[in-house]
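Novice: After the structure tokens below, expect a handful of questions from me.
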Amino acid sequence: MSFIQANRPIRIAHVIGKLNAGGVESVINNYYRHIDHETFQFDFYVDADSPCRPSRELLAMGARYFVVPPCQKLPQCISALTRLFRENRYQIVHSSMNTLSVFSLFAAWRAGVPVRICHNHSTAGRGETAKNLMKYALRPFAKVFATDYCACSQYAGAWLFGRRSMERGEIMVFRNAIELGKFEFDPRVRDEVRRELNLEGKFVVGHVGRFCAQKNHNFLLDLFAEVRRRKENAALLLIGDGELSGAAREKAARLGLEESVRFLGVRRDVDRLYQAMDVFVLPSLYEGLPVVGVEAQAAGLPCVFSGAVTREAELTDRVQFVPLDSKPEQWAEAILSCLGLNRGGFSEEIRRHGFDIALSAMELEKFYAGRTVS
């Protein structure tokens, strides 16, 4: 008799680091909502200094949260993880902390966990020197304690585990899949949200992302200033929070954009907010595969991405890529070229690319089932 048949549900430890309403957390939560909870349950391991609280919705579904010291307190972190992994007798530890996964998987190895998954969601890019040095220093150790390798895209997989591993089929790619129906364009919701936010008659540029160097908000405000110079009724929606939100607010004020830029913070209704936008902009310095880019395309939005975003994120013909070293004027031209484009349904197109969470969750279940032993 298999382990799964005899011991349902199987609890899987998901190490995610900080709860900050970010993209990786959103992806894992999406998968958890759609797996069979009678067969698999997730235990989330989160940092003690997380800015957000555990999800009540996920707790009600049977998830558990364990709070541990952050990686900045490495000995305490490894000690706590080792103890908890051993006490809970996990069959699988699934770490989504990119290059930092080496530490949680070392703890899993010490605790005797047989299946140790390293899952990469990111790469490296300019503008974060200290963080990049750490990533490159840890990258050679990605496989040391892992038994399985996963990534959100082929690009992210090759970056951490090596191109040869990707070509040999050693890396399982789990797309940043979404609930497609939730983001389908709805003109009624669009009108409703635009009234709520006083955006009627505006050309709305949207962005969803944590305020950190990677997301490049400083440049986003520069390019929006150029859009605003050319189109006076332009507005910018910034959804998210983070350590650089204060600096972004100060810059918006210096550029005289206080009336045109809306800082909406962390929102639980991002699917509705996409409806109010006319174009989605992502000038990131680097990405694995941005889930917000998938969501925006599912909402029928034309998208303008930086050249640092993997081409795997191009799921519809509404995507433009602009080199990071381009001037704000070039970005403004790309953004304004989206004026008047009709919003339409792209669910089937995105589903064909493998981003339907219902199908992807079944693939994850098969992946876990194939690695669980009696």
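Novice: Beyond a 24 Å Cα-Cα separation, which of these cross-linked pairs lie in this structure: Lys18/Lys202; Lys135/Lys327; Lys131/Lys327; Lys73/Lys131; Lys18/Lys251? Please report the intermediate quantities before stating the final value.
Specialist: Numbers: Lys18/Lys202 36 Å; Lys135/Lys327 29 Å; Lys131/Lys327 26 Å; Lys73/Lys131 17 Å; Lys18/Lys251 27 Å.
Beyond 24 Å: Lys18/Lys202; Lys135/Lys327; Lys131/Lys327; Lys18/Lys251.
Novice: Give the distance, in whole Å, between the Cα centre of segment 201-218 and the Cα centre of segment 94-155.
Specialist: About 28 Å separates the Cα centre of segment 201-218 from the one of segment 94-155.
Novice: Could you point to the residue in Leu289, Val279, Ala248 farthest towards the positive end of segment 167-292's charge dipole, with +1 and -1 charges on the Cβ of Lys/Arg and Asp/Glu respectively?
Specialist: Highest projection toward the positive end goes to Ala248.
Novice: Taking all protein chains as present, what is the carbon and sulfur share of the accessible area of segment 235-301, in % to the nearest whole number, probe 1.4 Å? Let's see the in-between values first.
Specialist: Values: 990 of 2140 Å².
Reported share for carbon and sulfur atoms: 46 percent.
Novice: Next question, about the same structure. Using a 1.4 Å probe, what is the accessible area per residue for segment 116-205, in Å²? Could the numbers behind the result be given before it?
Specialist: On the way: 4470 Å² over 90 residues.
Here the per-residue accessible area is 50 Å².
Novice: A further question follows. Rounded to a whole number, what % of the accessible area of segment 165-228 do carbon and sulfur atoms account for, probe 1.4 Å? List each step's numbers first, then the result.
Specialist: Details: 1110 of 2730 Å².
Within segment 165-228, the accessible surface is 41 percent carbon and sulfur.
Novice: Same structure again: Could you pull out the GluC sites (Glu not before Pro) across segment 126-189 that fall in loop regions by DSSP (anything but H, G, I, E, B) with no more than 14 other Cβ atoms inside 10 Å? The partial results should precede the final answer.
Specialist: Details: sites: Glu128, Glu167, Glu170, Glu179, Glu184; in loops: Glu128, Glu170, Glu179, Glu184.
When the GluC sites (Glu not before Pro) of segment 126-189 are filtered for loop state and at most 14 Cβ neighbours within 10 Å, Glu170 remain.
Novice: Normalise the Cα radius of gyration of segment 147-275 by 2.2 N^0.38 Å (N = residues in it) and let me know the number.
Specialist: Numbers: Rg = 18.7 Å, N = 129, 2.2 N^0.38 = 13.9 Å.
Ratio of Rg to 2.2 N^0.38 Å for segment 147-275: 1.34.
Novice: First compute the accessible area of segment 48-102 with a 1.4 Å probe, then give the percent of it belonging to carbon and sulfur atoms. Please report the intermediate quantities before stating the final value.
Specialist: Details: 1510 of 2930 Å².
Carbon plus sulfur share of accessible area: 52 percent.
Novice: What distance in nm separates the simple spin-label points at Glu349 and Lys327, each placed 7 Å from Cα in the Cβ direction?
Specialist: Those two pseudo-labels are separated by 3.2 nm.
Novice: Further, regarding this structure: Just to verify a number: what accessible area does Lys202 come out at with the full protein assembly present, 1.4 Å probe, Å² rounded to tens?
Specialist: So the heavy atoms of Lys202 present about 70 Å² to solvent.
Novice: Multiplying the sequence separation of Met362 and Ala130 by 0.36 nm and subtracting their Cα-Cα distance, what value in nm do you get?
Specialist: 79.7 nm
Novice: Please go through segment 314-374 and write out the trypsin sites (Lys or Arg not before Pro) that DSSP classes as loop and that have at most 16 other C-beta atoms within 10 Å.
Specialist: Arg371
Novice: If I stretch the segment between His37 and Phe141 completely, what's the gain in nm (0.36 nm per residue apart, minus their alpha carbon distance), one decimal?
Specialist: Computed gain between His37 and Phe141 is 34.1 nm.
Novice: With a 1.4 Å probe and every protein chain left in place, work out the accessible area per residue of segment 316-374 in Å², rounded to a whole number. Please report the intermediate quantities before stating the final value.
Specialist: Details: 3140 Å² over 59 residues.
I get 53 Å² per residue for segment 316-374.
Novice: Moving on to the next point. Can you find, among Leu257, Val270, Val227, the residue farthest towards the positive end of the dipole of segment 187-271? Put +1 on the C-beta of Lys and Arg, -1 on that of Asp and Glu.
Specialist: Val227
Novice: Run the numbers for Asp49 and Glu258: contour at 0.36 nm per residue of separation, minus the present Cα-Cα distance, in nm. Don't skip to the answer; put the middle values down first.
Specialist: On the way: separation 209, 0.36 × 209 = 75.24 nm, distance 3.14 nm.
Contour length minus Cα-Cα distance gives 72.1 nm.
The values are calculated or read from the model by the stated rules, or taken from the named source; none is laboratory data. Keep in mind that this is a model prediction, so the values were computed, not measured. Note that each Cβ is placed from the backbone with ideal geometry, even for glycine, and that neighbours are counted across all protein chains shown. Ligands, DNA and RNA are excluded from the accessible area calculation, which covers all protein heavy atoms including side chains. Shrake-Rupley method; radii C 1.70, N 1.55, O 1.52, S 1.80 Å.
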